[in-house]
Amino acid sequence: MAEQILMKGNEAIAHAAIRCGCDGYFGYPITPQSEVMETLMDEQPWETTGMVVLQAESETSSINMLYGGASCGKKVMTSSSSPGLSLMCEGLSYLAGAELPCLVVNVVRGGPGLGTIQPGQGDYFQACKGGGHGDYKMIVLAPSSAQEMYDFVDLGFELAFKYRNPAMILADGVVGQMMEKVELRPMKPRWTNEEIIKKMPWATTGKTSDRKQNVITSLALDAAVHERLNHTLIEKYKKMEDEDVRFESIQCEDAEHVIVAYGCMSRICESTIEMARKEGIKLGLLRPITLFPFPTKEIDRMVPQLKSMMSVELSTGQMLEDVKLAVNGRLPVNFFGRLGGIVPSPEEVFEAFKKSINK
Amino acid sequence: MKEEIIIAGFGGQGVLSMGKILAYSGIMQGQEVTWMPSYGPEMRGGTANVTVILSDKKISSPILSKFDVAIILNQQSLDKFEEGVKPGGLLIYDPNGITRLPERKDITICSISAVDIAAEIGNSKGYNMVVLGAYLKLRPVVTLDNVIKGLKKSIPERHHSLIPMNEKAIAAGMERLVIHNSL
């Protein structure tokens with residue numbers, strides 16, 4: 001078995017980036033994700049794999065550096081926390097419009113505004129429903145452990161390049177700051193220029209005499225052309241929904257009630273499930289791993305066996321809307337959430353659950 | 001085996017690094033571990049705490065409201081976490097700066113004068129290791145061998161020459177623990 005190292009989720013992101021062949025990281029420090037760039041600076045990957053690590057002058061700048069790097073077919077990424085992500089939303093819309101792959105990590109804190117540096121999940125809408133302008137979607141991965149923080153970097157890049165679309169890791173302050181053991185995966189070399197030209201024929205790698213020039217843009221003033229672009233994007237998002245929904249279900253086989261929770265809240269709710277089972281209550285947990293595409297079909301499949309569902313979040317009921325859409329009025333869908341950086345204990349969730357089914 | 005521990009005190013006392021060494025020792029022992037800090041503007045002077053869980057099985061919630069063990073290094077933390085110890089659990093505190101003693105009758109209460117002991121053995125920075133020693137004496141959840149291995153993993157190689165001093169601090173903590181209220 002490979003060596004297991006105790007590290008924070010944020011540190012795991014940095015090590016994974018180096019080891020999965022990332023070409024460039026561009027970022028700006030913000031709590032609670034600052035350890036990502038700190039670790040990269042400590043590791044100095046530019047001396048080993050040749051990966052570029054650059055502190056940009058702002059988040060607006062780092063997301064546009066991603067646009068440049070991605071245009072050349074490079075594996076590029078950034079990380080930030082909520083207020084920083086708001087600054088990046090324009091860039092994300094452009095990246096999606098220009099069909100560019102990249103990885104963006106958001107270690108979410110409480111909002112709105114500067115909010116708090118404590119954990120939150122209030123950026124669900126921003127991540128899953130847009131944030132930037134126009135009809136676009138991103139693949140959104142929600143890790144709940146340090147190991148998943150590590151593994152989702154490689155997975156995020158894989159999906160970003162599969163779809164030529166930005167992918168996001170939507171973490172939270174708990175998953176970013178918590179230390180757990182992490183198994184490092186084997187090193188993957190960075191793609192060579194020849195490999196990039198072969199894999200990414202669309203990239204601006206330098207025009208050769210045997211092809212037309214590649215143009216990377218999200219601008220299409222011709223209405224017909226622009227509508228076609230939008231339809232291409234819709235096809236892509238549909239394909240994501242068909243092929244890349246990921247979730248974990250815990251004790252759902254015989255469940256009469258199911259809690260839906262992601263990220264740190266899924267870990268807390270796992271303990272709630274154990275408590276409920278001890279009291280003979282058939283409670284299960286559905287943990288969406290991809291928030292977009294959302295496990296709508298899985299919820300739809302579960303509905304006939306259930307009496308209620310409950311969305312548990314560190315937000316005011318954002319994922320709740322997606323659960324309700326999937327349930328489509330067939331069951332009571334309850335909600336429990338805490339705000340301001342307060343993370344509820346498993347007992348608190350259990351009390352809220354019991355109240356919700358006895359009302 | 002599942003041990004849920006809160007370590008709480010002032011920033012700068014080595015609360016977080018003590019938790020990290022304990023967690024790494026757990027990994028060396030083949031256990032599942034989580035280490036969840038309070039984070040924020042707490043570098044020095046403010047309060048800092050960390051929840052460490054060691055378990056034979058996969059750990060679900062890293063955030064807890066009840067603990068098997070509370071290791072308390074200042075008055076604010078005693079006020080905050082005394083009631084969170086599970087009945088039958090353990091509370092260890094350093095009496096230095098404590099003005100109100102713990103009052104629970106349904107838990108084991110011990111003290112370790114770690115500030116004094118660390119000064120006596122000429123290793124005031126080994127304060128947190130004295131406390132760790134006291135804890136391990138009562139709860140040998142990890143072997144001393146694995147603690148040394150955990151230490152080696154947690155501290156940078158250039159400081160490995162300090163490991164024997166830390167070992168001594170742990171031994172002093174094990175020796176000088178005072179039990180006030182045993183169940």
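Quick rundown of the values:
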{"read-out": "Stokes-Einstein D in µm²/s, Kirkwood radius over Cα pairs - the protein assembly as shown at 20 °C with 1.002 mPa s viscosity", "value": "86 µm²/s"}
{"read-out": "Additional length obtainable on full extension of the chain from A:Glu243 to A:Arg185, 0.36 nm per residue less Cα span", "value": "18.4 nm"}
{"read-out": "For chain A, built as a Gaussian network whose Cα springs stay under 10 Å, the top-fluctuating residue of A:Pro189, A:Pro288, A:Pro119", "value": "A:Pro189"}
{"read-out": "Among A:Thr205, A:Thr316, A:Thr48: highest mean-square fluctuation, GNM of chain A, C-alpha pairs under 10 Å", "value": "A:Thr48"}
{"read-out": "Sequence-separation-based contact order of chain A, relative, with Cα cut under 8 Å and 6+ spacing, percent", "value": "18 percent"}
{"read-out": "Overall form of segment B:2-181 per C-alpha gyration tensor (a/c, 1.5; a/b vs b/c)", "value": "rounded"}
{"read-out": "Rounded tilt (10° steps) of A:346-358 against the dominant C-alpha axis of chain A", "value": "60 degrees"}
{"read-out": "Most mobile listed residue (A:Gly24, A:Gly50, A:Gly263) in chain A, GNM with C-alpha springs under 10 Å", "value": "A:Gly50"}
{"read-out": "Of all DSSP beta bridges in chain A, antiparallel share, percent nearest 5", "value": "25 percent"}
{"read-out": "Antiparallel DSSP beta bridges within segment A:4-193, as percent of all bridges there, nearest 5", "value": "25 percent"}
{"read-out": "Nearest-ten-degree value, helix A:146-163 long axis tilted from longest Cα axis of chain A", "value": "50 degrees"}
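No lab work stands behind these numbers, since they all come straight from the coordinates. Keep in mind that this is a model prediction, so the values were computed, not measured.
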